[in-house]
Amino acid sequence: MFLQIHTLTSYHATLLNRDDAGLAKRIPFGDQTRLRVSSQCLKRHWRENLHQTVPLPGGLRTRHFFQREICQRLIDESGLGQEAATRLTQSLITLLLQKSDKPKAEKPKKGKKAKAEQGELDLDLESGEASPAADTEIIGLQVKQPILFGKPEADFLVGLLTECAAQGQGAEQLLETRLKGDKANFKTMLRQAGHGNLFAGVEGALFGRFVTSDILARSDAAVHVAHAFTVHGLDTEVDYFTVVDDLNRDEETGAAHAGDMELGSGVFYGYVAVDVPLLVSNFTGSDPKDWRAQDSKEVRQVLGALIRAIATVSPGAKLGATAPYAYSDFVLLEAGPQQPRSLANAYLQALRPRGNLTGQAVDALAAHLQAQEAMFGPTAETRTLATTCAWTDEPKPQSLDNASAAILNIIFGEASDGHPAAAL
């Protein structure tokens with residue numbers, strides 16, 4: 001069962017996502033180069049929004065996890081001295097950031113860039129998560145690369161270290177016994193300690209966490225996010241700006257500072273696919289095959305919040321200079337067991353603006369969807385839609401909240417009136 005989310009969002013003069021040179025990100029697609037917003041950028045902003053809207057444990061993506069979240073909490077909450085807390089935390093780092101014992105095929109080493117492409121570095125380039133491993137560089141209690149840890153994991157590890165510290169001289173040996181002896185049951189240990197199954201936080205359950213540690217639990221991404229791109233060709237402008245020194249106007253007739261930044265505008269197509277059984281599994285610890293038998297309340301809550309975040313939360317650099325805030329004008333929600341597919345190819349031939357560009361984009365998407373279904377048959381079993389544009393086909397447009405609730409009711413087999421409905 002998959003939930004697919006398609007959006008069209010129009011942005012005015014903005015710099016939504018920059019590359020390492022400070023220019024707007026772009027990508028060749030079809031017949032022209034387009035403006036682009038990376039999936040990492042999109043997920044980052046959605047995660048921050050979910051922290052504010054969903055009352056479930058989140059995660060901490062940081063290099064300072066052991067220093068500020070573990071060691072400092074040991075001192076503040078357990079009354080442990082600085083030296084003892086540091087020593088125990090260092091032992092924890094050694095145990096957690098060790099490389100897996102599983103054999104790994106040898107790969108040719110051709111420099112840092114090649115290592116990154118081959119996955120030999122500790123950073124999972126696909127999900128943006130750091131992968132704890134034996135060769136992770138550690139300076140004191142600080143890890144070189146940001147690693148995603150869930151709040152439940154932090155609470156559990158602080159409690160475990162506190163328990164070990166009570167043993168006095170045998171603290172480090174007890175820690176090793178507890179973690180290495182039960183490494184196959186780390187998630188079970190968390191649940192038994194009352195920290196639930198969201199060991200890597202909501203973002204870990206949604207977007208996954210790749211780790212090579214023997215002890216830490218891996219979480220597969222249930223939400224797959226495409227890079228957003230403009231439905232038309234790249235069209236940017238370099239904005240030249242100056243700054244006047246208010247206290248030196250008599251002596252300085254020109255600008256005290258001059259700079260520039262690249263700005264672009266356009267209609268962006270966005271696409272997200274959600275593996276619903278895997279998401280339920282990440283939330284409940286069940287086998288994905290048994291997802292229908294699980295309590296779906298929290299999953300529904302998070303998916304509803306995610307749909308709203310996708311439609312209303314804007315990525316953007318230069319917030320103060322461009323106010324890059326926009327809501328989607330078109331949100332198509334699809335559900336069904338069919339293999340997910342993006343509708344990006346509706347824009348292989350870049351649109352040439354004629355009047356309402358968003359309306360053109362909606363028409364192109366509808367035509368491409370009809371052509372796909374004429375070739376393959378139904379590519380989804382149900383759809384709901386929210387849009388500000390003209391739409392004469394099925395489904396009938398409705399508010400975003402109603403469209404979101406309707407698709408989730410159908411997926412999880414619950415009608416809006418609280419009575420069972422026919423699930424897909």
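The values are calculated or read from the model by the stated rules, or taken from the named source; none is laboratory data. From a predicted model like this one, the values you see are computed outputs, not experimental measurements. Glycine also receives a Cβ, built like all others from the backbone with ideal geometry; neighbour counts cover every protein chain displayed.
Within the span defined as segment 369-380, one or more residues are in contact (Cβ under 8 Å) with a residue 40 or more places away in the chain, assigned by TED's automatic domain parsing to the domain that holds Val238, in contact with an Asp or Glu (Cβ under 9 Å, 6 or more places away or on another chain) and more than 23 Å from Thr33 (Cβ to Cβ).
Name the residues in segment 280-296 that are buried (at least 23 other Cβ atoms within 10 Å of the Cβ) and either closer than 10 Å to Phe2 by Cβ or charged (D, E, K, R) (or both), would you? Selection gives nothing.
Criterion applied to Leu80, Leu74, Leu50 was being in contact with a helix residue (DSSP H, G or I) (Cβ under 9 Å, 6 or more places away or on another chain) and modelled with pLDDT under 85, and the one residue passing it is Leu80. Is there a residue in segment 229-240 that is modelled with pLDDT of 90 or more, buried (at least 20 other Cβ atoms within 10 Å of the Cβ) and either under 21 Å from the mean Cα position of the chain (by Cα) or among the aromatic types (Phe, Trp, Tyr) (or both)? Yes; the residues of segment 229-240 include at least one that is modelled with pLDDT of 90 or more, buried (at least 20 other Cβ atoms within 10 Å of the Cβ) and either under 21 Å from the mean Cα position of the chain (by Cα) or among the aromatic types (Phe, Trp, Tyr) (or both). Where strands (runs of 3 or more DSSP E) sit wholly within segment 1-55, those with at least 2 residues that are buried (at least 22 other Cβ atoms within 10 Å of the Cβ) occupy 2-14, 32-37.
Taking into account only those residues within segment 344-360 that are outside any helix (DSSP H, G or I) and in contact with a helix residue (DSSP H, G or I) (Cβ under 8 Å, 6 or more places away or on another chain), which is nearest to His6 (Cα to Cα)? Before you say what the answer is, go through the steps one by one.
In the first step, residues of segment 344-360 are kept if they are outside any helix (DSSP H, G or I); the result is 348-356.
After this cut, where a residue has to be in contact with a helix residue (DSSP H, G or I) (Cβ under 8 Å, 6 or more places away or on another chain) as well, the list is 351, 353-354.
Details: Leu351: 18, Pro353: 21, Arg354: 22 Å.
Result: Leu351.
Kindly provide the set of residues from segment 19-76 that are over 24 Å from Tyr271 (Cα atoms) and without any contact (Cβ under 8 Å) to a residue 24 or more places away in the chain, ordered by number. Across segment 19-76, the qualifying residues are Asp20, Ala21, Pro55, Arg68, Gln72, Ile75, Asp76.
Looking only at residues that are touching a helix residue (DSSP H, G or I) at 6+ places or on another chain (Cβ under 6 Å) and buried (at least 24 other Cβ atoms within 10 Å of the Cβ) in segment 205-215, which one is modelled with the lowest pLDDT? Explain how you work it out, then say what you get.
Going through segment 205-215, the residues touching a helix residue (DSSP H, G or I) at 6+ places or on another chain (Cβ under 6 Å) turn out to be 205, 207, 213-215.
Next, from what is left, pick out any that are buried (at least 24 other Cβ atoms within 10 Å of the Cβ): 205, 207.
Values: Ala205: 89, Phe207: 92.
This residue is Ala205.
May I ask you to verify whether Leu198 is under 30 Å from Thr322 (Cα atoms), part of a loop (DSSP other than H, G, I, E, B), at pLDDT 75 or above and of a type outside the set (Asp, Glu)? Taking the combined requirement at face value, the residue does not satisfy it. Within segment 267-325, being charged (D, E, K, R), assigned to a helix (DSSP H, G or I) and over 25 Å from Ala364 (Cα atoms) holds for Lys289, Asp290, Arg292, Lys297, Glu298, Arg300.
I need a count of the residues in segment 361-381 that are part of a loop (DSSP other than H, G, I, E, B) and surrounded by fewer than 12 Cβ atoms within 10 Å (Cβ to Cβ).
Let us first name the residues in segment 361-381 that are part of a loop (DSSP other than H, G, I, E, B), namely 377-381.
If we keep only those that are surrounded by fewer than 12 Cβ atoms within 10 Å (Cβ to Cβ) too, we end up with 377-378.
Number of matching residues: 2.
Every condition in (1) surrounded by fewer than 19 Cβ atoms within 10 Å (Cβ to Cβ); (2) farther than 21 Å from Arg308 by Cα; (3) not hydroxyl-bearing (Ser, Thr, Tyr) is met by Cys389 except one, and the failing one is (2).
Whether any residue in segment 99-113 is at pLDDT below 50, surrounded by fewer than 18 Cβ atoms within 10 Å (Cβ to Cβ) and in a helix (DSSP H, G or I) is what I want to check. Yes.
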